[in-house]
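What follows is calculated from the coordinates using simple rules that are stated; it is not laboratory data. These numbers come from a predicted model, not from an experiment. Because the Cβ atoms are built from the backbone with ideal geometry, glycine has one as well, and the counts that use them run over all protein chains shown.
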Amino acid sequence: MQRNRSIPAAVVVPVLVYPDVREAVAWLGAAFGFEERVRVGENHRAQLAFGEGGGLIVADVRRDQQPPRDAERTHTVMLRVGDVDAAHARAMAQGATSVTEPTTYEYGERQSTLDDYAGHRWTLSQTVADAAPEDWGGESIGGGW
């Protein structure tokens, strides 16, 4: 894939709509540790980086682009972190709403779920074991990853 400094290098890049791009950039940095890498206009768009290879675009409200509405979930963003308990606490300190507390699951992940201030749902996930899908009821297809 050709390199382009004007777009995140990640292969999959979620674009999340927030009512205020600048507020979202500040919140996502404080709550999750995202770092702004590109700004387009004062309140139009921002590209954020996370960890090694993670990318996210924050977009403004316009035409059919709207942030989540109360009681509706159209997506969840999974964010892989090194310490889910610390990441959960950090987000809660920034005003996130906990949906599920950190829990360790049979598929080798410790996860928690929370909603950010604008209603986007996030699942924080920490790998705690290398679990084969067949060990917990899943099925590897085509050689897995």
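Starting from the Cα of ARG3, move 7 Å in the Cα-to-Cβ direction to define the label point; list residues of segment 15-53 whose amide nitrogen is under 16 Å from there.
Label zone hits: 53.
Collect residues whose amide H, placed 1.01 Å from N in the peptide plane, falls under 5 Å from the amide H of VAL99; neighbours closer than 5 in sequence don't count.
Here the answer is THR113, LEU114, ASP115, since their amide H atoms fall under 5 Å of that of VAL99.
Over the chain, what portion of Cα pair distances is larger than 20 Å, expressed as a whole percent?
On the way: 5546 of 10440 pairs.
Tail of the P(r) past 20 Å holds 53 percent of the pairs.
What residues have an amide H closer than 5 Å to that of VAL17, excluding those fewer than 5 places away on the same chain, when H is modeled at 1.01 Å from N in the peptide plane?
Those qualifying (amide H under 5 Å, at least 5 residues apart or on another chain) are ALA59.
Give me the number: length gained by fully extending VAL11 to GLN65, i.e. 0.36 nm times residue separation minus the C-alpha to C-alpha distance, one decimal in nm. It would help to have the intermediate numbers written out before the result.
Values: separation 54, 0.36 × 54 = 19.44 nm, distance 2.21 nm.
That pair, VAL11 and GLN65, stretches by 17.2 nm at full extension.
Only Lys, Arg, Asp and Glu count, each charged at its Cβ (+1, +1, -1, -1), so figure out the dipole size of the chain about its Cα centre, rounded to 20 debye.
Its charge dipole is roughly 780 debye.
Please list, in order along segment 5-12, the HN-Hα scalar couplings obtained from phi with the Karplus expression 6.51 cos²θ - 1.76 cosθ + 1.60 (θ = phi - 60°), rounded to whole Hz, x for Gly and Pro.
Once rounded to whole Hz, the list reads 5, 8, 8, x, 6, 4, 7, 10.
Once phi is turned into ³J(HN,Hα) by the Karplus curve 6.51 cos²θ - 1.76 cosθ + 1.60 with θ = phi - 60°, what whole-Hz value does each residue of segment 115-131 show in order, with x for glycine and proline?
Here the 3J(HN,Hα) series is 10, 7, 4, 9, x, 6, 9, 10, 10, 8, 9, 10, 6, 10, 7, 8, 9 Hz.
Kirkwood Rh and Cα-based Rg: tell me the resulting Rg over Rh for segment 68-138, rounded to two decimals.
Computed over Cα atoms, the ratio is 1.02.
Can you list the residues, at least 5 places off or on another chain, whose amide H is less than 5 Å from the amide H of ARG45, using H built in the peptide plane?
For ARG45, the qualifying residues are VAL40.
Just the number, please: percent antiparallel of the DSSP beta bridges in the chain, rounded to the nearest 5.
That works out to approximately 75 percent antiparallel.
Give me the percent relative contact order of the chain, please, defined on Cα pairs under 8 angstrom at least 6 residues apart.
Values: 262 pairs, mean separation 28.3, N = 145.
Once normalised by length, the contact order is 20 percent.
Sorted from largest to smallest, which semi-axis lengths in Å does the alpha carbon gyration tensor of segment 10-64 give for its equivalent ellipsoid, taking the root of 5 times each eigenvalue?
Working: eigenvalues 61, 32, 17 Å².
Ellipsoid half-lengths, sorted descending, are 18, 13, 9 Å.
Specify the longest stretch of the chain that does not include any exposed loop site, a site being one of the GluC sites (Glu not before Pro) with a non-H, G, I, E, B DSSP assignment and at most 16 other Cβ atoms within 10 Å.
Working: sites that count: GLU42, GLU52, GLU72, GLU106, GLU139.
With a cap of 16 other Cβ atoms within 10 Å, the longest stretch comes to 1-41.
Given the rule -39500 (n - 2.57) for each run of at least 4 DSSP H residues, summed and divided by the residues of the chain, what is its mean residue ellipticity at 222 nm, to the nearest 500 deg cm²/dmol?
-4500 deg cm²/dmol
Got a sec to turn the phi values of segment 21-38 into Karplus ³J(HN,Hα) couplings, 6.51 cos²θ - 1.76 cosθ + 1.60 with θ = phi - 60°, whole Hz, x for Gly and Pro?
For segment 21-38, the Karplus-derived couplings read 4, 4, 5, 5, 4, 5, 5, 5, x, 5, 7, 10, x, 5, 10, 6, 10, 9 Hz, x marking Gly and Pro.
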